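So the structure is just underneath, and the comments pick up after that.
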Amino acid sequence: MCGRFFIAEEGEDALLAMMIEEASKRQRAITGESAIARGEVFPSATVAAFAMGRNGGIGSYPLQWGFHRPDGKGLIINTRSETALEKPMFRASMLERRCLIPCSWYFEWEVRDARSGPDGPSLQIQRDALPRGKSKSALKIRYAIRPRQAGLMYLAAIYRYEEGLRLPVFSVLTCEPAREIAFIHDRMPVIFSDATRRAWLDRGADPREAMKLCEKEMVFHTA
């Protein structure tokens, strides 16, 4: 899954800097403020995203992270890519409202039994609150994960407009994990590189075919 990701603030990529500036201007025009997230990004934050505008051109827009659930209880921050086209809540967005979220890496947590102990002195262990039903002796180990290929990574997402909100909202698509990180979690975000990102934004393309171009080799370190 993808519950947090990171956008580097220093040594910013020129394209990323342009995207943030463009999205900030659009957010200011819509809401009167500019609050595009950088650093560690949490659900409900507003980020700069590549998307196709109403005129058909690709630009940078301010999007808020998380579809609101129909019952009003929480946000849908991740959507399973394998079944998104089958579900009424996501189908139209998969076909017509696809977007990309640029970032430096994303975070994921491996849950371990605390009794086994850490693998070494450099391993950072976080005793975060565990999901209900998990052993109280478990530890959560945080990893920063990104594609092996250098450069910005782009999280594949879908967006929609919700009544009462001034900005569109998005949900990050997930898929089965790359072999290297399967021990950490059984899901990972669908990720594109700079070379393949335009395939995801092509409204005429089958999203299932576009996802075949996503990144398959990942690297990671404790964070």
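Laboratory data are not the source of any read-out in this text; all were calculated from the coordinates shown. No experiment lies behind these values; they were computed from the predicted model shown. As a convention, Cβ positions derive from the backbone with ideal geometry for all residues, glycine included, and neighbour counts pool all protein chains shown.
Taking the C-alpha atoms only, the angle from helix 14-31 to the longest principal axis of the chain is near 60 degrees.
Take the Cα radius of gyration of the stretch 1-115 and divide it by 2.2 N^0.38 Å, with N its residue count; two decimals is plenty. Intermediate values should be presented prior to the final figure.
Numbers: Rg = 15.9 Å, N = 115, 2.2 N^0.38 = 13.4 Å.
That works out to 1.19 for the stretch 1-115.
Between the residues 155, 31, 139, the greatest Cα displacement towards the positive end of the dipole of the chain, with unit charges on the Cβ of Lys, Arg, Asp and Glu, is found for 139. For every other residue with a beta carbon closer than 12 angstrom to the beta carbon of residue 170, add +1 if it is Lys or Arg and -1 if Asp or Glu, then tell me the sum. Net of charged neighbours comes to +2.
Amide H to amide H, with H built 1.01 Å from N, residue 79 comes under 5 Å of 172, 173, 174, counting only residues 5 or more places away or on other chains. Build a GNM of the chain with springs between Cα atoms under 10 Å apart, and of 145, 158, 58 the one that fluctuates most is 58.
Comparing 157, 29, 92 in a Gaussian network model of the chain, where Cα atoms under 10 Å apart are tied by springs, the biggest mean-square fluctuation is seen for 29. For trypsin sites (Lys or Arg not before Pro), the sites in the stretch 24-96 that DSSP calls loop and that have at most 10 other Cβ atoms within 10 Å are 54, 73.
Do any chymotrypsin sites (Phe, Trp or Tyr not before Pro) in the stretch 34-111 lie in a loop, going by DSSP, with at most 16 other beta-carbon atoms within 10 Å of their beta carbon, and if so which? Provide the component values of the computation, followed by the final result.
Details: sites: 50, 65, 67, 90, 105, 106, 107, 109; in loops: none.
Within the stretch 34-111, no chymotrypsin sites (Phe, Trp or Tyr not before Pro) qualify (loop, at most 16 other Cβ atoms within 10 Å).
Only the Cβ atoms of Lys and Arg (+1) and of Asp and Glu (-1) were treated as charged; on that basis the dipole of the chain about its Cα centre amounts to roughly 600 debye.
Sequentially through the stretch 64-76, phi angles give Karplus couplings (6.51, -1.76, 1.60; θ = phi - 60°) of 9, 7, x, 6, 7, 5, x, 8, x, 9, x, 10, 9 Hz, Gly and Pro residues having no value and appearing as x.
Taking the Cβ of residue 146 as the center, what net charge do the other residues with Cβ under 12 Å away carry, scoring Lys and Arg +1 and Asp and Glu -1?
With Lys, Arg at +1 and Asp, Glu at -1, the neighbours total -3.
Fully extending the segment from residue 71 to residue 138, taken as 0.36 nm per residue of separation minus the present Cα-Cα distance, adds 21.0 nm. Only helices enter this figure: runs of n ≥ 4 DSSP H residues, each worth -39500 (n - 2.57), summed and divided by the residues of the chain, yield -4500 deg cm²/dmol at 222 nm to the nearest 500.
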